[in-house]
Amino acid sequence: MTTQLRPTAGFPYSPLPPGIIRLVRLYAGTYLMCDLIIAHLDSLPPYEALSYCWGDSKDRFPITCNGVRGLAVTENLHSALKRLQLPNQPRLIWADAI
């Protein structure tokens, strides 16, 4: 089965059907940009799992996601994504609470 990745629509949380997870396609560069995508557990692309402490839910930073600046993530997740961002190639990451 071919893996099909497609951007998720909008940012409000909605439960996913069984067998599907959200991944973050973190773009290369210095400006934090990503896409939220969904992937089927039976045909996952290679990805990295990020483990981090959520931090204070009141300390939120907007990031550009799916072409829109407005996905609010915790300060700790923002810092982790900045550290994981590569200068010349994208990364595919699973991070809980996103």
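Here the chain has 56 percent of its accessible surface on carbon and sulfur atoms, given a 1.4 Å probe and all protein chains in place.
Could the peptides 84-92, 29-37 be put in order, highest first, of the mean number of other beta-carbon atoms found within 10 Å of their residues?
Result, highest mean Cβ count within 10 Å first: 29-37, 84-92.
Given 23, 68, 47, which one lies farthest toward the positive end of the charge dipole of the chain, if we put +1 on the Cβ of every Lys and Arg and -1 on the Cβ of every Asp and Glu? Of the options given, the answer is 68. Counting only DSSP beta bridges with both residues in the stretch 19-96, what percent are antiparallel, rounded to the nearest 5? Restricted to the stretch 19-96, the bridges split so that about 75 percent are antiparallel. Each Lys and Arg contributes +1 and each Asp and Glu -1, all at the Cβ; summed about the Cα centre of the chain, the dipole is approximately 220 debye.
Accessible surface for the chain, divided over its residues, is 63 Å² per residue with a 1.4 Å probe. Under the simplified labelling scheme, the residue 58-residue 38 pair shows an inter-label distance of 3.5 nm, with each label point 7 Å from Cα along Cα→Cβ.
Relative to the longest principal axis of the chain, what angle (0 to 90°, nearest 10) does the C-alpha long axis of helix 75-84 take? Between helix and principal axis, roughly 70 degrees.
Mean residue ellipticity, 222 nm, helices only, the chain: the sum of -39500 (n - 2.57) across DSSP H runs of n ≥ 4, divided by residue count and rounded to 500, is -3000 deg cm²/dmol.
The values are calculated or read from the model by the stated rules, or taken from the named source; none is laboratory data. The structure displayed is predicted, hence computed values, not measured ones. No Cβ is skipped: glycine too gets one built from the backbone with ideal geometry, and neighbour counts run over all protein chains shown. Note: accessible area is taken over every heavy atom of the protein model, side chains too, but ligands, DNA and RNA are not part of it. Shrake-Rupley method; radii C 1.70, N 1.55, O 1.52, S 1.80 Å.
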